[in-house]
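> One structure is given below, represented as structure tokens, and several questions about it will come after.
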Number of protein chains: 2
Amino acid sequence: MSFRLTILGTSSALPTSDRYPTAHVLNVHERLFLIDCGEGTQMQMRRYKIRFGRINHIFISHLHGDHFFGLYPLLSTFNLMGRKTPLHLYAPAPADELIARHLKDFDINLAYGLEVHTISGKSVRHLLDDKRLDVYSFPLKHRVKSYGFLFREKMADRNIIREEIAGHNLSISEIGRLKKGEDITREGGEVILCNEVTVMAHQPVSYAFCSDTGWFPKLSSYVRGVDLLYHEATFGDDNEELAMKTGHSTARQAAAVARDAGVGRLILGHFSARYRSPAMLEEEARQVFPLSEAAREGSIYDIS
Amino acid sequence: MSFRLTILGTSSALPTSDRYPTAHVLNVHERLFLIDCGEGTQMQMRRYKIRFGRINHIFISHLHGDHFFGLYPLLSTFNLMGRKTPLHLYAPAPADELIARHLKDFDINLAYGLEVHTISGKSVRHLLDDKRLDVYSFPLKHRVKSYGFLFREKMADRNIIREEIAGHNLSISEIGRLKKGEDITREGGEVILCNEVTVMAHQPVSYAFCSDTGWFPKLSSYVRGVDLLYHEATFGDDNEELAMKTGHSTARQAAAVARDAGVGRLILGHFSARYRSPAMLEEEARQVFPLSEAAREGSIYDIS
């Protein structure tokens, strides 16, 4: 059982020698979800031992190069590696057109199916109903259409307590209902409480990704109560005006979202190249929300 | 005075965690020439302290992603860094169309001039007549139009030997002609030999870049006598057939070109990801041409 986030890039538009553009990999029970795909993502994936074959879903927050330029090479690499499994890509328009044209321009015939799902709308949308996970998009506030993502583990079935069911002679249907959290009332009036014979497997966990965005009041409600929140923090207090002008956030604003949303932990990223180290940004965030941390390339956050 | 090559990438189409796709930077007297631009080139430029502002010319051998995918991000980075100096790009068609469309798609307005020069033809072409350098393209043999490049330092003016010119009372025009290597015959019949009063500054040096190509007989004549030859060596002897089929060379074939051309030194690169280390390729090349070396990321070859 895992619910683990690996950070592959923490730079904003100008990468540095050790800060790559945005890319995150979420591992949910060994199914991998790639979130944004800046230049060099595939090299970072190799560096941090991300298994290419386990990625079937890629989410692109918006069509700025530092979140997208690693995608074309990655699609080619999947092809060269002999991929056959369909790949699902979620991105705002016109990603579908751009990719189709790119493949044509470079005469690339993908041997696997590539399904591009267009993200749109001004409200929360349900993007993916996976076996163990739901994924939702929500609108952000940037210079171009930009979306955040909420990854929420599905509620797992309750576990049966073997020693408690011995005398009940449960049917398969009764077991199924108990595992879903229902109580059973039998014909003779006997009641079997679900919490008598089952126990909750584990609390479902959640991760929200807030890509490039300026602060807006509604944002914290989209990510309310998540266990782990990533929020961009391109600038510090020293560049609050620039943040507003460019559709970005300061570390302090990111922390305010985390605080207002009551999240478990906050990860900061997308740092401007003007900050040699993100230590100051981390410090400013912690003044508002103590459980804030500046991400680094290769950082792993395990919330399983 | 410098004529120095830095290798930024040595992988073929599939990069690994420590092998980046093709990109070389040639420093000719502090003017930098970028040759090919695979994904991650700008990160490698930062890692190896390449000064972005000194690059005014970029040469792209062919339009395969592993030689090209770093270009779009680099063009954006130049823009974000406030570049104003025009940039000259040399590439086969339809690079000009692709780039124009890309800039439009991503709504990027370059604040600097970008002049795309289309490389074409089935013979040697003179691409650039720079102050200190001539650059030529020559055709290679690959699955798509692919070109090699020859960088040849111009012959420098000869240096005047101060103590020798004292009695001659030379005019400015005479000095100019002597520096170019001419002898002077004056009206009275007096001859001033150029080698009497001048000395050769230094021997001009040259570098040739043979990107993706299968072996063909004419190739060695294009690079005859260069001081430094880069030649792709995607495969070893164990994959000679695959090399032929995919329009690539083995290390041994690269070395044969170096030997037949009588070059000074050979650098190998563009290694297939199937070779964990290029040591075997280097060994196979050395059997044919002893001064062969497998390039590594960050390798510097100084031939000034």
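Every number here is computed from the coordinates shown, using simple stated rules; none is lab data. Computed from a predicted structure; not experimentally measured. Neighbour counts run over all protein chains shown; Cβ positions are idealised from the backbone, glycine included.
> Can you pull the percent of Cα pairs in the protein assembly as shown with separation above 36 Å?
Value for the protein assembly as shown (Cα pairs over 36 Å): 48 percent.
> Where both partners of a DSSP beta bridge lie in region A:103-229, what percent of those bridges are antiparallel, to the nearest 5?
Antiparallel bridges: around 90 percent, rounded to the nearest 5.
> Shortest first and in nm to one decimal, what separations exist between residue A:155 and its copies in the other chains, measuring from label points 7 Å along the Cα-to-beta-carbon line?
Shortest to longest, the spacings are 8.7 nm.
> May I pose another question? Hey, which residue of A has the C-beta nearest the axis mapping A onto B, and what's the distance in Å?
Per the Cβ-to-axis criterion, the result reads A:40, 2.
> Rounding to the nearest 20 debye, state how big the charge dipole of region B:159-199 is about its Cα centre with +1 on each Lys and Arg Cβ and -1 on each Asp and Glu Cβ.
So the dipole magnitude of region B:159-199 works out to roughly 200 debye.
> Considering only the protein assembly as shown, what is the antiparallel percent among its DSSP beta bridges, to the nearest 5?
55 percent
> For chain B, report the translational diffusion coefficient in µm²/s to the nearest whole number, using Stokes-Einstein at 37 °C, 0.692 mPa s, and a Kirkwood Rh over Cα pairs.
So the translational diffusion coefficient is about 159 µm²/s.
> Please report the Cα spread of region B:126-170 along all three principal axes, rounded to whole Å, starting with the longest.
Projected onto the principal axes, the Cα atoms of region B:126-170 cover 64, 13, 10 Å.
> Nearest 20 debye, what's the magnitude of the dipole of the protein assembly as shown about its Cα centre given +1 on Lys and Arg Cβ and -1 on Asp and Glu Cβ?
Roughly 360 debye, rounded to the nearest 20.
> Using just the Cα positions, wrap region A:159-199 in a convex hull and report its mean projected area in square nanometres, one decimal place.
2.6 nm²
> Quick one, can you get me the convex hull of the C-alpha atoms of region B:54-204 expressed as volume per residue in Å³? All intermediate terms of the calculation are to be shown ahead of the outcome.
Working: hull volume 25.4 nm³, N = 151.
Once divided by residue count, the hull of region B:54-204 is 168 Å³.
> Have a look at B:197, B:172, B:185 and report the one farthest towards the positive end of the charge dipole of region B:159-199, computed about the Cα centre with Cβ charges (Lys/Arg +1, Asp/Glu -1).
Toward the positive end, the furthest listed residue is B:172.
> Same structure, new question: Which distances, in nm and shortest first, link the residue A:2 label point to the same label point in every other copy, taking 7 Å along Cα→Cβ?
For residue A:2, the inter-copy label distances come out at 4.4 nm.
> Could you work out, residue by residue across B:71-77, how many beta carbons of other chains sit within 10 Å of that residue's beta carbon, and then give the average as an integer?
Per-residue shielding by partner chains comes out at 5.
> Next up: Counting pairs of alpha carbon atoms under 8 Å apart in space and at least six apart in sequence, what relative contact order in percent does region B:159-199 give? Display every interim value, and only then the final one.
Working: 38 pairs, mean separation 19.6, N = 41.
Answer for region B:159-199 is 48 percent.
> Normalise the Cα radius of gyration of region A:191-242 by 2.2 N^0.38 Å (N = residues in it) and let me know the number.
Taking N as the residue count of region A:191-242, the ratio is 1.93.
> Using each residue's phi in region B:265-273, evaluate 6.51 cos²θ - 1.76 cosθ + 1.60 at θ = phi - 60° and report the 3J(HN,Hα) Karplus result to the nearest Hz, with x for Gly and Pro.
9, 10, 10, 9, x, 6, 6, 4, 5
> Once you average over the residues of B:39-48, how many Cβ atoms of partner chains fall within 10 Å of each Cβ? Please list the in-between numbers first.
Numbers: counts 12, 11, 2, 6, 11, 2, 1, 7, 3, 1.
Mean inter-chain Cβ contacts per residue within 10 Å come to 6.
> I want the antiparallel fraction of DSSP beta bridges within chain B, as a percent rounded to 5. Let's see the in-between values first.
Numbers: 33 of 61 bridges.
Bridges in chain B are about 55 percent antiparallel.
> Let me ask something additional. Restricting attention to region B:14-100, which trypsin sites (Lys or Arg not before Pro) occupy a DSSP loop and are surrounded by at most 13 other Cβ atoms within 10 Å? The partial results should precede the final answer.
On the way: sites: B:19, B:31, B:46, B:47, B:49, B:51, B:54, B:83, B:84; in loops: B:19, B:49, B:51, B:83, B:84.
Sites meeting the loop and neighbour criteria: B:49, B:51, B:84.
> Between copies, how far does the label point of residue A:104 sit from its twins, in nm, shortest first, when each point is 7 Å from Cα along Cα→Cβ?
1.3
> Divide, for region B:131-211, the radius of gyration over alpha carbons by 2.2 N^0.38 Å, where N is the residue count. Don't skip to the answer; put the middle values down first.
Details: Rg = 19.4 Å, N = 81, 2.2 N^0.38 = 11.7 Å.
In units of the 2.2 N^0.38 Å rule of thumb, it is 1.66.
> Based on Cα coordinates alone, diagonalise the gyration tensor for region B:203-304, multiply each eigenvalue by 5, take square roots, and list the semi-axes in whole Å, largest first.
Working from the Cα gyration tensor, I get semi-axes of 21, 15, 11 Å.
> Given Cβ point charges of +1 (Lys, Arg) and -1 (Asp, Glu) and nothing else, what value in debye, to the nearest 20, does the dipole of chain A about its Cα centre take? It would help to have the intermediate numbers written out before the result.
Values: 37 positive and 37 negative charges, 112 e Å.
Here the size comes out at about 540 debye.
> From the Cα trace of region B:1-94, what convex hull volume per residue do you get, rounded to a whole Å³?
Once divided by residue count, the hull of region B:1-94 is 95 Å³.
> Over the whole of B:60-66, what's the average partner chain Cβ count within 10 Å per residue? Rounded to a whole number, please. Could the numbers behind the result be given before it?
Numbers: counts 0, 0, 0, 3, 4, 8, 4.
If you average over the peptide's residues, the count of other-chain Cβ atoms is 3.
> Continuing with this model, one more query. Of the peptides B:282-289, A:204-211, B:10-17, how do they stack up when ordered by the mean number of other Cβ atoms within 10 Å, highest first?
A:204-211, B:10-17, B:282-289
> Also, I was wondering about something else. Are there GluC sites (Glu not before Pro) in region A:174-244 that DSSP puts in a loop and that have at most 15 other Cβ atoms within 10 Å, and which ones?
Values: sites: A:174, A:182, A:187, A:190, A:196, A:232, A:240, A:241; in loops: A:182, A:187, A:190.
Passing sites in region A:174-244 are A:182, A:187, A:190.
> For chain A, what does the helix formula give at 222 nm: sum of -39500 (n - 2.57) over DSSP H segments with n ≥ 4, over the residue count, nearest 500 deg cm²/dmol?
Calculated mean residue ellipticity at 222 nm is -6500 deg cm²/dmol.
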